[in-house]
Amino acid sequence: LALTGFRGFKQFGIIGLIGMVLCWFATFTVLPALLTFFERWKPLATSERIPKSYIAEILANFVSRFPKAISVATVVFTVASGLFFLRYSPSIIETDLSKLRNRESMESGSGFYSQYVDEIFGRYLSPMVALPRDYEDVPKLAAKYREKMAADGENSLIKNVSVLNDFVPKDQPEKIRLLREIARLLPPSIRSQLAPADRERVEQFLRPEAFRPIRQQDLPTLVLNKFTEKDGSVGKLVLIEPPLKSVANDGDRLLAFIRDLRDIADSVRPGTPVAGSLPISADMIQSINRDGPKATLFAFSAVVLLVIALFRTPRAFLPVLLGLFLGVFWLGGLIMGFWIKINFLNFIALPITFGIGVDYAVNVFNRYREEGDESIIKVIRDTGGAVMLCSFTTAVGYGSLLIASNQAFVSFGILSVLGEVTCIIAAMFSMPALLLTFAKMKKGKNSQWQPPLNESKRPPEHSL
């Protein structure tokens, strides 16, 4: 994640890396030192009888009784996950940021009431903003956006374009000259003879302030603040208002719309920024589309290469990679099957699952190598408890996010817990069942061999 360009991914990766390094350091330095200290002070009581994990015992009995059924279920679930992958489309990426906001806000807070505010005003109160660097670019940019709005017609995703000069009356000298001519033709003596309604209307137009030009600084504060930048510059902003029924739910159309806005801005002056909630949504989608596959591929490759480097022979590393593949592949199948949308936060659960998936498989299979063939049930009894405890504590940490009000955190917790479930099932059920099934098949083939009746013609030992 630290290699990606998206700042959210990068910072998450850096913080996670620092945390892992500190945990390793404490585990291999502080913990042994403390154990040594306590042993010298008061030796820990030892026992020849290792406490049993009742859950691991139940799991071992289940796997030993139904290895073929579990193997068949593994194949079926894997094939089903592969079929679910056929449903993939770019719309799996979440583009509606309102679905990632605080749940209480959307049900009874500001998010809930904002829909009524939009209906009252009939427009977005937080439009997109183009930020030209020079004042002379403002009318050019506004004119091009208005041309696009007119060209797109009713289907235009631009409802209104406004600049500060829109609020300053045009042709003021000519209008003031006309007012003076009206005042000359309607002296007070003639106005007094008019009907009361007409006289009131004339006096409204001919009041003294009507003869003074209106400048930008004379505009109401509410208008001026809308076009004032942080550095104090006034009048360089171009506001672009989308229609209320916008493109927030259509990722492809949103990306195309924002790309058009930025192309127009660049045509006036290259590098002119376009900001707002919709451009941010588009940038997040592009970041996930660009950095997501990169982070996923790198994480998967790094884990695979590390396993190969540690176990060296295919007979050793292939079962471990099988456990990794099953856990990750099933997680992908669940995402596609239940159409769990990927957003800028929960995507991080995918590369993290690679480390989780291989971790459990490494522990189980490494112990299996030490114990020897057909020892997988013993491995589950002895090592399964520790592996499941690791998985449980991790799932509890991720599961705490499920009660959060922020829906982005909840989505991250859901994917992370699902990754834990699929990885622990792959390591503790599927991989042991497959190893046990293959061991029995191998034993059955060996038991079918019968030596020749003539002992003198027994084949050499190495040919057995």
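The values are calculated or read from the model by the stated rules, or taken from the named source; none is laboratory data. Note that the coordinates shown come from a computational prediction; the quantities given were computed from them, not determined experimentally. A quick note on method: Cβ atoms are made from the backbone with ideal geometry, for glycine too, and the neighbour counts reach across all protein chains shown. In case anyone asks, the SASA skips ligands and DNA or RNA and just uses the protein heavy atoms, side chains included. Shrake-Rupley method; radii C 1.70, N 1.55, O 1.52, S 1.80 Å.
Structural remarks
- Cα-based radius of gyration of the range 106-161 once divided by 2.2 N^0.38 Å, which approximates compact folds: 1.50
- By average C-beta atoms within 10 angstrom, highest first, the peptides 333-339, 381-387: 381-387, 333-339
- Per residue, the chain exposes an accessible area of 61 Å² to a 1.4 Å probe, with every protein chain left in place.
- Extension gain, ALA151 to GLU371: 0.36 nm times the residue separation minus the Cα-Cα distance gives 71.8 nm.
- Computed from Cα atoms alone, the Kirkwood hydrodynamic radius reported for the range 224-349 is 18.7 Å.
- Angle between the chain longest axis and helix 407-425 axis [Cα atoms, degrees, rounded to 10]: 10 degrees
- Helix 251-268 and the longest principal axis of the C-alpha atoms of the chain enclose an angle of approximately 50°.
- With the convex hull drawn over the C-alpha atoms of the range 248-308, the volume per residue is 101 Å³.
- Of all accessible heavy-atom area on the chain, the percent that carbon and sulfur account for (1.4 Å): 63 percent
- Nonlocal amide H pairs with ASN406, under 5 Å, H built at 1.01 Å: ARG103
- Of every Cα-Cα pair in the range 1-108, the percent that sits beyond 17 Å: 82 percent
- Ordering 148-155, 400-407, 258-265 by mean Cβ neighbour count within 10 Å, with the highest value first, yields 258-265, 400-407, 148-155.
- Rg of the Cα atoms in the range 360-431, relative to 2.2 N^0.38 Å, amounts to 1.33.
- One quarter of the convex hull surface built on the alpha carbon atoms of the range 34-172 amounts to 23.9 nm², the projected area averaged over directions.
- Between the helical axis of 376-399 and the longest alpha-carbon principal axis of the chain there is an angle of about 10 degrees.
- 222 nm mean residue ellipticity, helices alone, for the chain (DSSP H n ≥ 4; -39,500 (n - 2.57); rounded to 500): -20500 deg cm²/dmol
- Whole-number percent relative contact order across the chain, with pairs defined as alpha carbons under 8 Å at least 6 apart: 25 percent
- From the largest down, the range 166-255 spans 67, 33, 21 angstrom on the principal axes of its Cα atoms.
- Calculated log₁₀ intensity ratio I(q)/I(0) where the Debye formula runs over C-alpha points of the chain, q = 0.10, 0.13 Å⁻¹: -0.93, -1.25
- Note on the range 277-435: Cα-Cα pairs beyond 18 Å make up 61% of the total pair count.
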